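Beneath this line is the structure, given in structure tokens, with notes to follow.
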Amino acid sequence: MFFLMIIERFLFIFAITIPFDIRDMEGDRTAGLKTLPVFFGERKSLQMANISLIIFMIIGFLNNGFLVSVAMIMSGLLTFFIINNKKINSLPFFHYAILDGTIIMQSLLVISSFYLK
């Protein structure tokens, strides 16, 4: 259970860090850094983020009670939408407000699920 929770959290954080690496691709390429987007390209890196979110939601569903599972799935779906929406991605505060805000959103959803019991 605890090990699955660590994997679950890792997958979520992994998924939301990939857009940061995509944003920094040119600088990373110039500096000779081999990040996932530099190595695999933007499209495949986003696919990795999406797969990571899907696995996160599956583990979140299997490893938690009903209301927490709903919170995790809602968090995963909203994050999936945010990462893949080109209009949201182009906003100037995408990385530092919206994408980072998904961590706070997930926390609020999980906390809310405890108060709904």
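Suppose the filter is farther than 21 Å from Arg9 by Cβ, at pLDDT below 95 and either surrounded by fewer than 18 Cβ atoms within 10 Å (Cβ to Cβ) or among the β-branched types (Val, Ile, Thr) (or both); does Gly65 pass it? Walk me through how you get there before you give the answer.
On the way: farther than 21 Å from Arg9 by Cβ: no; at pLDDT below 95: yes; either surrounded by fewer than 18 Cβ atoms within 10 Å (Cβ to Cβ) or among the β-branched types (Val, Ile, Thr) (or both): yes.
No: the conditions fail for Gly65.
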Criterion: crowded, with 17+ Cβ neighbours inside 10 Å, within 20 Å of Ser112 (Cα to Cα) and touching a helix residue (DSSP H, G or I) at 6+ places or on another chain (Cβ under 8 Å) - qualifying residue of Ile73, Ile22: Ile73
Can you pull out every residue in the range 27-64 that is under 25 Å from Leu91 (Cβ atoms), out of contact with any Asp or Glu (no Cβ under 8 Å at 6 or more places or on another chain), touching a residue at least 40 places away in the same chain (Cβ under 8 Å) and not small (Gly, Ala, Ser)? Leu53
Could you please tell me which pairs satisfy a Cβ distance under 9 Å, a separation of 6+ or placement on different chains, a first residue in the range 68-82 that is in contact (Cβ under 8 Å) with a residue 60 or more places away in the chain and over 17 Å from Phe14 (Cα atoms), and a second residue that is of a type in the set (Lys, Arg) and buried (at least 18 other Cβ atoms within 10 Å of the Cβ)? none
For the range 28-42, the count of residues that are over 22 Å from the mean Cα position of the chain (by Cα), of a type outside the set (D, E, K, R) and not in a loop (DSSP other than H, G, I, E, B) equals 2
So which pairs qualify, if the first residue must be in the range 1-26 and touching a residue at least 40 places away in the same chain (Cβ under 8 Å), the second must be of a type in the set (Phe, Trp, Tyr) and crowded, with 16+ Cβ neighbours inside 10 Å, the Cβ gap must be under 6 Å, and the two must be at least 6 apart or on different chains? Glu8/Phe56; Leu11/Phe56; Phe12/Phe56
Scanning the range 19-47 for residues that are at pLDDT 95 or above and of a type in the set (Ser, Thr, Tyr) gives Ser45
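Can you tell me how many residues within the range 83-117 are of a type in the set (A, V, I, L, M), in contact (Cβ under 8 Å) with a residue 12 or more places away in the chain and part of a helix (DSSP H, G or I)? Let's see the steps before the verdict.
We begin by selecting, within the range 83-117, every residue of a type in the set (A, V, I, L, M); these are 83, 88, 91, 97-99, 103-105, 108-111, 116.
If we keep only those that are in contact (Cβ under 8 Å) with a residue 12 or more places away in the chain too, we end up with 83, 98-99, 103, 105, 109-110, 116.
Narrowing further to those that are part of a helix (DSSP H, G or I): 83, 98-99, 103, 105, 109-110.
Total meeting the criteria: 7.
The values are calculated or read from the model by the stated rules, or taken from the named source; none is laboratory data. None of the values given here were measured: they were computed from a predicted structure. A quick note on method: Cβ atoms are made from the backbone with ideal geometry, for glycine too, and the neighbour counts reach across all protein chains shown.
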